[in-house]
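All remarks here apply to the structure that follows.
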Amino acid sequence: MAVNGASTVPTLRSYAGKIVTIERFILDQQQSYPDATGALTSILYDICLAAKIIASKTTRAGLADILGSAGKENVQGETVQKLDEYADQIIFKLNDHTGRLAVMASEEHEGIIPIPAHFPVGPYVLLYDPLDGSSNIDVNVSIGTIFAIYRRKTVEGRGTLEDCLQKGGDIVAAGYVIYGSSTMLVYSTGQGVHGFTLDPTIGEFFLSHPNIRIPDKPKFYSVNQGYEQFWSEGVKRYTEWLQGKDKTAKPLSLRYIGSLVADFHRNLLTGGVYYYPADSKDPDQSTGKLRLVYECAPMAFLAEQAGGAASTGTERILDLQPSALHQRVPIFVGNTGLVEKAQEFIKELD
Ligand code: AHG
Ligand code: MN
Ligand code: MN
């Protein structure tokens with residue numbers, strides 16, 4: 001079964017040797033849609049701004065013990081917010097009053113996040129994981145933010161849960177921010193995947209990685225192999241295949257950070273596969289750990305736009321109709337050949 005349903009990527013104008021800010025780039029892309037109102041462009045700007053504000057906070061996270069750690073009081077006697085909650089609030093506050101969104105949803109909220117009654121609503125829906133890989137904050141390892149934007153499905157009034165539960169295949173734009181050795185924003189509006197690096201001294205994102213394509217020759221596989229004993233036979237044998245144990249393929253190196261954004265980003269640039277399969281260690285994780293709506297679907301969209309693929313092991317992620325906001329699904333994402341191979345092993349052995 002083909003797992004990459006992406007249409008061909010339109011030719012990108014040449015940015016070689018040019019200094020291009022993210023603002024200029026988004027505006028250039030908008031021009032290929034004569035009917036565009038600019039609302040989507042503005043949502044993307046607001047996400048850039050949120051990224052800069054969150055980045056300025058994450059780089060100071062190590063000072064929490066000195067200035068006051070999360071949930072405790074800082075030296076001024078103020079309660080310090082957890083970074084996930086801070087990131088969640090920043091994204092919400094930048095988007096609640098603009099009249100561009102009908103509704104939002106975030107990993108940090110059990111239900112949908114309505115637009116406050118005193119603000120107007122608009123045609124789009126924003127879903128986000130404000131801080132991904134947050135267990136890595138205290139050990140100074142890369143973390144991220146993930147987002148997906150859809151058109152609303154309901155026709156009037158405030159947005160509803162139905163607007164938030166759409167197939168990944170209907171994503172209008174998706175991306176992530178990685179807070180690493182530099183802060184990068186990587187996004188796609190369905191015209192390829194483009195990466196921008198923040199110059200923190202002037203607070204501007206510059207185009208650094210135009211038209212990212214996953215390299216044909218993969219280097220890495222990324223999985224929490226500590227849970228191998230809980231995997232199905234198909235997933236175990238697939239992993240052995242990635243390790244080259246059956247001598248039909250060259251062994252790949254293992255890299256696993258434990259932040260989806262950072263693991264995905266590395267594999268996007270170097271080639272490889274990330275997977276978080278279903279496992280039997282915890283009844284609640286019989287479907288894997290990662291959440292469909294704000295983790296798997298946006299990453300699947302980016303992977304396909306970069307020439308790769310994403311599957312649950314049996315189905316294309318972008319074809320899944322979500323049934324709940326925090327629904328979890330198994331995921332295999334990266335080079336198309338590696339994702340198809342996972343499907344083969346799972347079909348044959350599970
Ligand atoms: P979050 O911090 O948003 O809850 O996401 C954590 C996720 C993801 O980033 C990562 O790939 C995965 O959890 C790691 O899980 P394990 O520790 O089980 O490997
Ligand atoms: Mn996450
Ligand atoms: Mn999170």
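The values are calculated or read from the model by the stated rules, or taken from the named source; none is laboratory data. Since the model is a prediction, treat every value here as computed from it, not as a measurement. Backbone-built Cβ (ideal geometry, glycine too); neighbour counts: all protein chains shown. The area values use the complete protein model at the heavy-atom level, side chains included, leaving out ligands, DNA and RNA. Shrake-Rupley method; radii C 1.70, N 1.55, O 1.52, S 1.80 Å.
Being more than 16 Å from Ile257 (Cα to Cα) and touching a Cys at 6+ places or on another chain (Cβ under 7 Å) is a condition met by at least one residue of the range 119-135. Identify, please: which residue in the range 111-142 is within 16 Å of ligand 1 (Cβ to nearest atom) and out of contact with any Ser or Thr (no Cβ under 8 Å at 6 or more places or on another chain) and is, among those, nearest to Ala51 (Cα to Cα)? Checking each candidate, the answer is Ser134.
Out of curiosity, is Arg158 over 30 Å from Ser286 (Cβ atoms) and surrounded by fewer than 20 Cβ atoms within 10 Å (Cβ to Cβ)? Walk me through it before giving the result.
Working: over 30 Å from Ser286 (Cβ atoms): yes; surrounded by fewer than 20 Cβ atoms within 10 Å (Cβ to Cβ): yes.
For Arg158, the condition - over 30 Å from Ser286 (Cβ atoms) and surrounded by fewer than 20 Cβ atoms within 10 Å (Cβ to Cβ) - is met.
Can you find a residue in the range 271-281 that is touching a strand residue (DSSP E or B) at 6+ places or on another chain (Cβ under 9 Å) and more than 15 Å from ligand 1 (Cβ to nearest atom)? Scanning the range 271-281 turns up at least one residue that is touching a strand residue (DSSP E or B) at 6+ places or on another chain (Cβ under 9 Å) and more than 15 Å from ligand 1 (Cβ to nearest atom).
Each residue in the range 1-36 was checked for being at pLDDT 90 or above and open to solvent by 100 Å² or more (accessible area, probe 1.4 Å), and 2 of them qualify. Cβ separations smaller than 8 Å between residues 6+ apart or across chains give the following pairs from the range 275-298 residues that are without any contact (Cβ under 8 Å) to a residue 60 or more places away in the chain to residues that are more than 16 Å from ligand 3 (Cβ to nearest atom) and among the acidic types (Asp, Glu): Gln285/Asp279; Ser286/Asp279; Gly288/Asp279. Considering the range 269-278, and only residues there that are open to solvent by 10 Å² or more (accessible area, probe 1.4 Å) and under 18 Å from Glu233 (Cβ atoms), the residue that is farthest from ligand 2 (Cβ to nearest atom) turns out to be Ala278. Of the residues making up the range 175-206, those that are aliphatic (A, V, I, L, M) and out of contact with any Gly (no Cβ under 8 Å at 6 or more places or on another chain) number 3. Considered as a group, the residues in the range 233-257 that are at pLDDT 95 or above and farther than 21 Å from Ile214 by Cβ include one that is farthest from ligand 2 (Cβ to nearest atom), and that residue is Lys245. Has the range 80-103 got any residue that is at pLDDT 90 or above, basic (Lys, Arg) and not in a loop (DSSP other than H, G, I, E, B)? The answer is yes, given that some residue of the range 80-103 is at pLDDT 90 or above, basic (Lys, Arg) and not in a loop (DSSP other than H, G, I, E, B). When the range 104-129 is limited to residues that are part of a loop (DSSP other than H, G, I, E, B) and of a type in the set (A, V, I, L, M), the one that is least open to solvent (accessible area, probe 1.4 Å) turns out to be Ile115. Kindly evaluate Val141 against the criterion of being closer than 21 Å to Phe264 by Cα, assigned to a loop (DSSP other than H, G, I, E, B) and at pLDDT 90 or above. Spelling it out, Val141 is indeed closer than 21 Å to Phe264 by Cα, assigned to a loop (DSSP other than H, G, I, E, B) and at pLDDT 90 or above. The condition of being on the phi < 0 side of the Ramachandran plot, of a type outside the set (Val, Ile, Thr) and at pLDDT 95 or above holds for only one of Pro218, Pro200, that being Pro218.
Yes/no per residue for (1) part of a loop (DSSP other than H, G, I, E, B); (2) open to solvent by less than 20 Å² (accessible area, probe 1.4 Å):
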{"position": "Gly307", "(1), (2)": "yes, no"}
{"position": "Ala310", "(1), (2)": "no, yes"}
{"position": "Thr314", "(1), (2)": "yes, no"}
{"position": "Gln321", "(1), (2)": "yes, no"}
{"position": "Phe332", "(1), (2)": "no, yes"}
{"position": "Glu340", "(1), (2)": "no, no"}
